Structures are given as C-alpha cells and as structure tokens.
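Worksheet for the structure shown next.
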Amino acid sequence: MNNTNNPEHRTLTIQRTFKVPVRLVWEAWTQPEHIARWWGPKGMETRIIEHNFVVGGAWKYAMLMPDGKEFIGEGTYSEIIQYKKIVTSANFKPMTVGVELELILEEHGDSTHFTFNVLHESEEYCRQQEKMGFYNGWGSTFERLENYLETRTV
C-alpha cells in the first residue's frame, strides 16, 4: 500500500508546554510587535513586511541572517480559531516551499500546551526537510519564543 498521500507520513511535529497562559502565546503568534521579537532561529532578526491576521489574509516576514543575507517567509491564513488554532500556507524560499503550518494551543491552567505541525507536499519532501535541520531550526525558534514569553510574565 502506498502511504505517500497519508498526511501522517508528510508531517513533522514539535510539541512544547509554555508556562504562561494561552492568551500570551496567542498574542506572541498574532501581533506583529511580538512576532518580530522571537520569530526565526537564534541570531536572526525579523522584520514584519505584511501581517493581515484574518482568514485569507497574508503574512510576509523578512529574516536577516547573521551573514547579512535576507530571506523571506510568507503565507496565507486559512483557519483561525481564537486561542486554539492557526493554519497557514508557508514558503521560506529558497529552503522550504509549499508547506502548511498548523499551530494548536491547549490551555492547562496557567500553562499552554503547544503543538506545531508542518504538512509537506510529499513524504519525500518531508524527509528532505527533516534532514535539512527542521527540528534544529524550529526548535531554536521556539526556544526564542519560550524565552520571550517568560519576559512577558514579569
């Protein structure tokens, strides 16, 4: 049986628990002044070019790498459920194109369980992205997010 079209075989997932209320995690993902403070792996600066946080709205961020080169991340929101879920298309050219990002938030008292799924066009492309450093890159980004969230609770 060919499992190439099975979403489970085309998805990479990262889960974390942040020790802050869901509202703060939501704001960090949805408000440009917060996104610019944590988006991207360590050592990168992010400039928000466009951020239209509505279903059908586009986002576009420029990330400045330590060597001075810039690359663009962009996509279109397809689903937004306040404090619970965000789904968007995403391209991070030239490294990653045609993926779907799914963010799921679950409130647990004063903590927030966070699930981040990235759905790829094919199983082969998914494995390629994993080998290129998916977990290191996004892991570093979410460490920045966690550190940023901790500053917002003080």
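The values are calculated or read from the model by the stated rules, or taken from the named source; none is laboratory data. Predicted model only: the values in this text are computed from it and were never measured. Here the Cβ is made from the backbone with ideal geometry for all residues, glycine too, and neighbour counts use every protein chain on show. Calculation scope for accessible area: heavy atoms of the full protein, side chains included, ligands and nucleic acids excluded. Shrake-Rupley method; radii C 1.70, N 1.55, O 1.52, S 1.80 Å.
Quick check on region 90-123: of everything there that is open to solvent by less than 50 Å² (accessible area, probe 1.4 Å) and more than 27 Å from Lys19 (Cα to Cα), which residue is nearest to the chain's Cα centre (by Cα)?
Per the criteria, the residue is Ala90.
Output the qualifying pairs, or none if there are none: Cβ atoms under 9 angstrom, residues six or more apart or on different chains, first residue in region 133-154 and in a helix (DSSP H, G or I), second residue of a type in the set (Asp, Glu).
Arg152/Glu27
Is it the case that region 84-97 has a residue that's farther than 14 Å from Leu145 by Cα, at pLDDT 95 or above and not in a strand (DSSP E or B)?
yes
Could you grab me the full set of residues in region 1-60 that are among the acidic types (Asp, Glu) and either under 23 Å from Gln129 (Cα atoms) or open to solvent by 40 Å² or more (accessible area, probe 1.4 Å) (or both)?
Passing the criteria: Glu8, Glu33, Glu45, Glu50.
Condition first: open to solvent by less than 20 Å² (accessible area, probe 1.4 Å) and touching a Cys at 6+ places or on another chain (Cβ under 9 Å). Can you find one or more residues in region 142-149 that meet it?
no
Every residue in region 61-73 that is in a strand (DSSP E or B) and open to solvent by less than 60 Å² (accessible area, probe 1.4 Å), please.
Step one: of region 61-73, the residues in a strand (DSSP E or B) are 61-64, 70-73.
Listed by number, the residues that qualify are Tyr61, Ala62, Met63, Phe71, Ile72, Gly73.
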